[in-house]
Amino acid sequence: MNLVRDVAKGLLGMFVGDAALSSAILAVVAGAALVIKTEVASTQLGGALLFAGCLAALVGSVFRGARRPQRIG
Amino acid sequence: MISWTVAAPAVGAAFAASLVEAVEAFTIVLAVGTLRGWRAALMGAMAGLLVLALLVVLFGPILNRIPLHLLQLIIGVLLLLFGLGWLREAVLRYAGVIPLRDQQAAFAADTATLSQEAMSRQSGLDWIGGITAFKAVLLEGLEVAFIVIAVGAGHSLLLPASLGALAACMLVLAVGVLIQRPLARVPENTLKFGVGIMLSAFGVFWTGEGLGIAWPGGDLVLFVFAAAFLLVGLGSGAVIRRSAIWTAQ
């Protein structure tokens, strides 16, 4: 069972290397989807929100990562 | 008709990402082969490839049953999670926060771990070596398969992306067999930086398409996304490097 557990852990690690970054990305996508689906603003604005949100999530995660000790994978 | 504005980044991303993954898998298989002979290493690697092929054959056809917008949304979000994760790690390595990956050191560490495990367990090193090679090939192979599907499925580019990945794997295998040493000269972080940028750009593009956004400029907006991720990645890394120098002074 160790093998299955290791493979499952490896698969999860592919998408959730940093939990805070993954949460931020999902929040950005949910926000953009909400703006588009509720027609609060144009789809173009939703797209801009998605793009800018992803850039912001990256910058936030990188600077947070630089401030704390790293686990090297 | 294949649009090269999407096909070129897709094939490039599949090739570069597969190069990184194949080098990592090769280092582990080489450690197993060097420590215990090639029988265990090759058996483990072949078993890993077999399971990988079975998974692709089993789950591949499911992709055709998912509506295109939903498929683009699912793959887009997974690409964002995967690509931005790679980009984050590459920026932190570029900034000097995380040491650059050294294939020689990774090879030495893998060899030491295998020896320790063999000493602490009753089972033979052949078995442990085979399982280690199997896991390496399966896990790195799954990443390659995901990248190929992710960059290829949205625009019917599975075949060109697969060929890009296959070319990278064959290249690593050919060079590896020739020199029989870890491929330490592959600029792994530069490749990861580039692939992270491309996967993140594809991630934004397909998540948006999945949500019903008609991007201005169509496929060409991919290059705008890639340029922005490149600038933000390099800029963040440079700021962290500079602030580390100031702190040290």
Any hit, segment B:92-103, residues being part of a loop (DSSP other than H, G, I, E, B) and among the acidic types (D, E):
yes
Among B:V57, B:V51, B:V77, which is the only one that is part of a helix (DSSP H, G or I) and free of Cβ contacts under 8 Å to residues at least 24 places away in the same chain?
B:V57
Would you mind stating whether B:S243 is assigned to a helix (DSSP H, G or I), at pLDDT 90 or above, among the hydroxyl-bearing types (S, T, Y) and over 22 Å from A:S42 (Cα atoms)?
no
Determine if segment A:7-17 includes at least one residue that is within 23 Å of B:G237 (Cα to Cα), touching a residue at least 40 places away in the same chain (Cβ under 8 Å) and surrounded by 15 or more Cβ atoms within 10 Å (Cβ to Cβ).
yes
Among residues belonging to segment A:55-73 that are not in a helix (DSSP H, G or I) and not polar (S, T, N, Q), point out the one that is nearest to the other protein chains (Cβ to nearest Cβ).
A:I72
Going by the structure shown, is B:V144 surrounded by 21 or more Cβ atoms within 10 Å (Cβ to Cβ) and touching an Asp or Glu at 6+ places or on another chain (Cβ under 6 Å)?
yes
Quick count over segment B:150-178, residues being hydrophobic (A, V, I, L, M, F, W, C), under 29 Å from B:E209 (Cα atoms) and modelled with pLDDT under 85, is 6
Which numbered condition in (1) out of contact with any Asp or Glu (no Cβ under 9 Å at 6 or more places or on another chain); (2) hydrophobic (A, V, I, L, M, F, W, C); (3) within 11 Å of another protein chain (Cβ to nearest Cβ) is the only one that B:L73 fails?
(1)
Return only the number of the condition from (1) within 12 Å of chain A (Cβ to nearest Cβ); (2) crowded, with 21+ Cβ neighbours inside 10 Å that B:I149 does not satisfy.
(1)
For segment B:187-199, indicate whether the set of residues that are outside any loop (DSSP other than H, G, I, E, B), among the β-branched types (V, I, T), over 30 Å from B:G96 (Cβ atoms) and more than 14 Å from every other protein chain (Cβ to nearest Cβ) is non-empty.
no
Residues located in segment A:18-54, provided they are at the interface with chain B (Cβ under 7 Å from one of its Cβ atoms), in a helix (DSSP H, G or I) and in contact (Cβ under 8 Å) with a residue 12 or more places away in the chain
A:L21, A:I25, A:V29, A:A32, A:A33, A:G46, A:G47, A:L50, A:C54
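The values are calculated or read from the model by the stated rules, or taken from the named source; none is laboratory data. The structure displayed is predicted, hence computed values, not measured ones. Glycine gets a Cβ as well: all are built from the backbone with ideal geometry, and neighbour counts include every protein chain shown.
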